[in-house]
Amino acid sequence: MKQLKYLILTWLLVISGFTILHSKEKKQPAELVYPLLDAANSRWFYFSSATRPFGMVNLSPDMGVGGTWDSGYRYNQDTINFFSHIHAWQLSGVPVLPTTGEFNGHLGTQNYGSAYSHETEVIRAGYHSVELETYGIKAELTSTIRVGFHRYSYPAGKEKYLLLDLGTMLGPSGTESGYAKQIGNNEIAGYTLMEATQRRPKPTSIYYVISFDTPFENMQAWQDSKLLGTKKEYDGSDGGVYVNFLGNEKQTIQMKVGISYVSTDQARLNMEAEINHWDFDKVAQESFNEWNNWLSRIEIEGGTEKEQSRFYTDLWHALQGRRIISDFNGQYCDMTGEKSRTRQIPLDENGRPKFNHHNFDGFWGAQWTINTLWHLVYPEVTEDFVNSMLMMYNDGGLIPRGPSGGNYTYVMTGASSTPFIVSAYMKGIRGFDVEKAYEGMRKNALPGGIMEKAGYEHKTNLGGGLKYYIEKGYVPYPLPEGRNGYHNEGAGQTLEYAYQDWCLAQMAKALGKDDDFQMFTKRAGNYKNVWNENAGWMRPRQLDGNWIEPFDPILSHHGFVGSTAAQSTWFVPHDMNGLFTLMGGTEKAARKLNQQFHIADVHNFISKGFKSDKFVEKARHNTYLNYGNQPSMQVGFIFNYTGQPWLTQYWTREVTERIYSHLDPQNGYNGDEDQGLMGSLAVLLKIGLFEMRGGAAIDPIYEIGSPIFDKITIHLNKDFYGGEKFIIETKNNSSENRYIQSASLNGNTLNKSWFLHKVLVDGGKLILNMGDKPAKNWGSYPKLLPPSMSGE
């Protein structure tokens, strides 16, 4: 009996020990984030470490300093030039660097930068640490939304400095001039005026307040590579300031940097409101906890640790890039007029801003990425962004498609924000002025609206070709007025406009605006006007109606925006059935697309122009499909519409495993991650949900792919949705067992490859039984295929 009790006790201890060990091994989502993913590539605003979700401050080391590409954090480069606080769409600012020994900051970044080693670098969500080997300094970085927090451990026996470069080239723009004023012996305040860029048409001021926990001896300055000595104030170009700290002992010095686009007083307010203490570790932990809370909205089980790490890194990127530009109290800088104006976001009953104002690259491609992810998992973010867009509409008269620092940039083409706003409304996210939103979207689609403008077309309204689209039903290529702005790509513009028109038609229908519904529905069929039956592709047309000659379906930037005819032919997300009819029927369409996948299989479904170590523009997109950019990211899910969902399951799993599964600095997105668009796509592929029509239908749906995890739990925001959570559970899932054999939704058999958004957000469970052979009787019944404009 005693022996039996001993065996039972021993067994219980083993079980409890295993449970404890297992629980210790389970990592939190924020622990799984790998910030170094693809860090050798991409562009200025891509890399993130010491930042919060959508934070104004994105504090990190800069190895590359000039240009939109090959700048910011570059893993393969061996010198850190400085740590700068803003890495955003066409925005940069406030570069600082601690140094020791003889000061040489006035000689430029090529002389004052520091060597470093990745072996001593520690990077995690909200924190970055690196040894500046040239100076013997350990630098640690963290942040709040609007404040950068630095901790520098200086060595003994050397002079100690902190420099602020007010004249350097900094990513997308140069520094036109800078101002700094010493305030006591613990603070510097001022601004940098960042030069206008080709995309952001006006210079932008970045205001800062820098506060130290240790008094400095004095502030000194330099200009034109010459030291100017001690200065209480500095105002000029091609220069900067630095402070020195007394004593030769080993010393840790902390520094806070508050940022604002409005004024130094606002920068100080941001700093005092967000960090009113000097506990660096507390802020770093709070940042980690905040990231963990955001990322935990989606819980995953199963898969390898590498797969889980890559998933949460993708989700981390989906919450980056599109930065807050309003201050803690809701003030912001409006640059839509001739002069800069300070504006105020409305306050709630507690005196806090009702939403944030944002800076972002275009929503070009967002209909297949953040439309789905944000609206479902982070609806409060969606509401923030819609209100931000409408505020800019109030200020400048247009809903933007990619603002920068309060400027319109007219990035890319069309009215790419329309699907985002329409889908928000259709999903019940309506905490904004709906009539004003409709008014602004309608204006954008008519003469005088943003559709008239091509990419970065600041002074004219010709490159969009909208008058021809309205008169002839297509945008000619080339335009008779010549090139105005970028992306004058007639056929591609026609396809985008037609989809956006369909989205606006749905909004008109929902609001009872029948005349508009009829007008925009008719325009939504304009995609048919660039279909060339003889070629079997969408094809550019000239003003006289003749097809462009010569024609090559994989020639890039020849009538198609960032794409080829082969890729863009499938850009009819609102009317798949109509497209299939043009192609000669569903079977022919499926065969054609499957052939394209087989061809693209040879080069891993990405453009041959993308290299692992740099971006090669000339060779960009010369392929039949390219999952390294937005125009063809939806194509894998088209097979659900042809009644062959097993091909969706096969090809999307191939794309996921071969493109979005790396976990190293040299690989990741095979092109341009584009401020969360490709990160969001990767997340959606891995949880097996997609929306071909971008969620803009009256009754939005989700289409089913092939999830890579055993269990996915989406925690729903109860302020927006009735359910608590939605679970996707796969049985017998593996890379080989990627095919859905059968499915059930909330206990009922599901024989189709899609289900309604309103069912998901009420909570429930989708169970997918997987196998290694296609189940061609599942999801293939013609009457149960996903809906299209033709046939509704």
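The values are calculated or read from the model by the stated rules, or taken from the named source; none is laboratory data. Computed from a predicted model, the values in this text were never measured in an experiment. Neighbour counts are summed over all protein chains in view; Cβ atoms, including those assigned to glycine, are modelled from backbone coordinates with ideal geometry. Heavy atoms of the whole protein, side chains included, go into the accessibility calculation; ligands, DNA and RNA do not. Shrake-Rupley method; radii C 1.70, N 1.55, O 1.52, S 1.80 Å.
Averaging 1/r across all pairs of distinct Cα atoms in region 681-763 and inverting the result yields a Kirkwood radius of 13.6 Å. Measuring spread by the Cα atoms of region 529-580 yields a radius of gyration and Dmax of 10.8, 30 Å.
Mind checking which lysines have their Cα closer than 16 Å to the Cα of Lys773? Skip sequence neighbours fewer than 8 apart in that chain. Partners found: Lys731.
Short to long, the 10 Å bins of the Cα pair-distance histogram for region 292-409 hold 12, 39, 30, 14, 5, 0 percent of all pairs. Accessible surface for Lys27 stands near 90 Å², nearest 10, in the context of the full protein assembly shown (1.4 Å probe).
Kirkwood hydrodynamic radius, region 599-746, all distinct C-alpha pairs: what's the number in Å?
Details: mean 1/r = 0.0601 Å⁻¹.
16.6 Å is the Kirkwood radius here.
Helices in the chain, meaning DSSP H runs of at least 4 residues, each add -39500 (n - 2.57). Divided by all residues, the mean residue ellipticity at 222 nm is -8500 deg cm²/dmol. Cross-link partners among aspartates and glutamates for Lys711, C-alpha distance below 14 Å, same-chain residues fewer than 8 apart left out? In chain and number order, the partners are Glu299, Glu301, Glu307, Glu729.
At full extension, Leu543 and Lys773 could sit 77.8 nm farther apart than now, given 0.36 nm per residue minus the alpha carbon distance.
In this rough spin-label picture, where each label sits 7 Å from Cα along the Cβ direction, the Glu792-Asp514 distance is 1.9 nm. Spin-label model, Asn667/Glu380: points 7 Å from Cα along the beta carbon direction are separated by 3.8 nm.
The rule of thumb for compact globular proteins, 2.2 N^0.38 Å, goes into the C-alpha radius of gyration of region 283-338 1.63 times.
At a 10 angstrom cut-off on C-beta neighbours, averaged per residue, how do the peptides 734-743, 145-154 rank from highest to lowest?
Working: 734-743: 18.2, 145-154: 24.5.
In decreasing order of mean packing, 734-743, 145-154 become 145-154, 734-743.
In order along region 734-745, phi translates into HN-Hα couplings of 6, 4, 6, 8, 9, 9, 6, 8, 7, 8, 9, 10 Hz, rounded to whole numbers, per the Karplus curve 6.51 cos²θ - 1.76 cosθ + 1.60 with θ = phi - 60° and x for Gly and Pro.
Determine the order of His557, His357 by accessible area, beginning with the largest, at a probe radius of 1.4 Å. Mind dumping the intermediate values first?
Details: His557 60, His357 5 Å².
Of His557, His357, the descending order of accessible area is His557, His357.
The mean sequence separation of alpha-carbon pairs under 8 Å and at least six residues apart, normalised by the residue count of region 430-560, gives a relative contact order of 22 percent.
Our summary gives region 517-578 a relative contact order of 22 percent, counting only alpha carbon pairs under 8 angstrom and 6 or more residues apart.
Using Cα atoms only, what is the angle between the long axis of helix 514-524 and the major principal axis of the chain, expressed in degrees (0 to 90) to the nearest 10? Helix 514-524 and the main axis of the chain meet at about 90 degrees. Averaging over all projection directions, the Cα-based convex hull of region 356-452 occupies 5.4 nm² in the image plane. Ignoring any ligand, DNA or RNA, what whole percent of the accessible area of the chain comes from carbon and sulfur when the probe is 1.4 angstrom? That fraction is 48 percent. The dipole here belongs to the chain: it is taken about the Cα centre, uses +1 on the Cβ of Lys and Arg and -1 on the Cβ of Asp and Glu, and is about 1560 debye.
Length gained on full extension, Glu657 to Glu119, computed as 0.36 nm times the residue gap minus the Cα-Cα distance: 190.8 nm. The chain has equivalent-ellipsoid semi-axes of 44, 34, 24 Å, by the square roots of 5 times the alpha carbon gyration tensor eigenvalues, sorted largest first. Taking the Cα of Ile727, stepping 7 Å toward and past its beta carbon, and measuring to each backbone N in region 677-691: which are under 19 Å? Of the residues in region 677-691, 687-689 have backbone N under 19 Å from the label point off Ile727.
Mean sequence separation of contacting Cα pairs (under 8 Å, at least six apart), scaled by the length of region 352-450, corresponds to a relative contact order of 34 percent.
Evaluated on region 82-213, the Kirkwood hydrodynamic radius is 15.9 Å, with distances taken between all distinct Cα atoms. The order of the peptides 513-520, 549-556, 646-653, 445-452 by mean Cβ neighbours within 10 Å, most packed first, is 646-653, 445-452, 513-520, 549-556.
Viscosity 0.692 mPa s, temperature 37 °C: give me the Stokes-Einstein translational D for region 46-108 in µm²/s, with Rh taken as the Kirkwood radius over C-alpha pairs.
Values: Rh = 12.5 Å.
The diffusion coefficient I find is 262 µm²/s.
Computed packing ranks the peptides 432-443, 588-599 as 432-443, 588-599, most packed first, by mean other Cβ atoms within 10 Å. Placing one equal scatterer on every Cα of region 496-637 and applying the Debye formula, the log10 ratio I(q)/I(0) at q = 0.16, 0.17, 0.19 Å⁻¹ is -0.89, -0.98, -1.14. Straightening the chain between Arg352 and Lys226 buys 40.7 nm, computed as 0.36 nm per residue apart minus the Cα-Cα spacing.
Looking at region 408-486, the pairs of alpha carbons with a distance over 16 Å make up 53% of the total.
The lysines within cross-link reach of Lys509, meaning a Cα-to-Cα straight distance under 18 Å and a gap of 8 or more places when in the same chain, are Lys427, Lys436, Lys443, Lys522. When restricted to Cα atoms, region 199-311 yields an Rg and a Dmax of 20.6, 62 Å, respectively. If you look at the Cα atoms of region 473-528, you get an Rg and a Dmax of 13.2, 40 Å. Taking only Cα atoms, what is the 0 to 90° angle, nearest 10, from helix 434-444's long axis to the longest principal axis of the chain? Taking the Cα atoms of the chain, the angle to 434-444 is about 80 degrees. Compared with the dominant Cα axis of the chain, that is its longest principal axis, helix 586-601 is turned about 40°. Solvent-accessible surface of region 559-601, taken per residue with a 1.4 Å probe and all protein chains present: 28 Å².
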